[in-house]
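Asks: Here it is, the structure, as structure tokens.
Values quoted throughout were computed directly from the atomic coordinates according to the rules given, and no laboratory measurement underlies them. Here the structure is a predicted model, which is why all the values come from computation and not from measurement. Don't worry about glycine lacking a Cβ; one is built from the backbone with ideal geometry, like all the others, and counts go over all protein chains shown.
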Ligand code: SAH
């Protein structure tokens, strides 16, 4: 069996119990060395063989997985955050299907959850935004034209922008073209949950300069929207006057 495991955003104790147990049992681990905290490897068995996928192609990865699995070994493919977000796992799973090799996916804490925790913010606030758009700027990897940042920005929903720290002038221009005002609150979260995490509050207009001033060029998430502000309505769920399945409200009008 091959296990695609989410390592979590950085802090070594933010992997799931299931993921940690699989790492302890693994005979082979292929980890994304550019972003996965190498401390995760300290729980592996002495004889476990470890590969850093940063130096490997998709074919190299499959060429390690297939013979190992056929020899009855337990293989863990360790991805940063959650494997379903920019993890390039689909192409691995499709090649494993061709080889009739079984696999499972173990979810992880994505960095955009780690970032909200670091900022102590909630992405979904009543009356402010009930939607989170997870996206990226187009770089060397294309983004479908219908998902251009300016089009997505027109919703004024909460945005969590991955893989874009090198393109912040352009990102800012697109956010403004899409309808966000230059004063919209924005945060840069660098290495969320790692010991050297940093975060910066700025605005859509000051985003690129803030990153330059603080030498942030990679491993950061850009979070945009008024969820970072201080104005919102209370939730209905915990409103004393609101009745729902588990609690009778005390509204004298009802
Ligand atoms: N699967 C991962 C994302 C991989 S794409 C996840 O669920 O988080 C890599 C991008 O994720 C980076 O360019 C950066 O934008 C973001 N990223 C990953 N780890 C991060 C962290 N700890 N803090 C901030 N951003 C992070």
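Asks: Contact order normalised by length for the stretch 2-106, with contacts defined as Cα pairs under 8 Å and 6 or more residues apart; what percent is it?
Replies: Details: 172 pairs, mean separation 45.1, N = 105.
Over the stretch 2-106, the number comes to 43 percent.
Asks: So what is the calculated 222 nm ellipticity per residue for the chain, using -39500 (n - 2.57) for each DSSP H run with n of 4 or more, over all residues, to the nearest 500 deg cm²/dmol?
Replies: -7000 deg cm²/dmol
Asks: Then there is this: Using a 10 Å cut-off on Cβ atoms, rank the peptides 203-214, 102-113 from the highest mean neighbour count down.
Replies: On the way: 203-214: 17.4, 102-113: 19.8.
Packing proxy ranking, top to bottom: 102-113, 203-214.
Asks: Name the shape class, rounded, prolate or oblate, that the alpha-carbon gyration tensor gives for the stretch 111-228, where a ≥ b ≥ c are the square roots of its eigenvalues, rounded holds for a/c under 1.5, and otherwise prolate holds if a/b is larger than b/c and oblate otherwise.
Replies: Working: a/c = 1.42, a/b = 1.11, b/c = 1.27.
In terms of gyration-tensor shape, rounded.
Asks: Give me 79, 244 sorted ascending by neighbouring Cβ count inside 10 Å, so fewest comes first.
Replies: Values: 79 28, 244 10.
By the 10 Å Cβ count, ascending: 244, 79.
Asks: With a ≥ b ≥ c the root eigenvalues of the C-alpha gyration tensor of the stretch 19-98, is it rounded (a/c under 1.5), prolate (a/b larger than b/c) or oblate? Before the final figure, lay out the partial values.
Replies: On the way: a/c = 1.62, a/b = 1.11, b/c = 1.46.
Here the stretch 19-98 falls in the oblate category.
Asks: By the gyration tensor of its Cα atoms, with a ≥ b ≥ c the square roots of the eigenvalues, what is the shape of the stretch 39-190: rounded for a/c under 1.5, prolate for a/b over b/c, or oblate?
Replies: Working: a/c = 2.63, a/b = 2.04, b/c = 1.29.
Since a/c reaches 1.5 and a/b is larger than b/c, the shape of the stretch 39-190 is classed as prolate.
Asks: Only Cα pairs under 8 Å and at least 6 apart count here; give the relative contact order of the chain as a rounded whole percent. All intermediate terms of the calculation are to be shown ahead of the outcome.
Replies: Numbers: 482 pairs, mean separation 47.0, N = 254.
Result for the chain is 19 percent.
Asks: Moving to a separate point now. Going by average Cβ neighbours within 10 Å, how do the peptides 165-171, 3-9 rank, with the highest at the top?
Replies: On the way: 165-171: 18.0, 3-9: 26.7.
Result, highest mean first: 3-9, 165-171.
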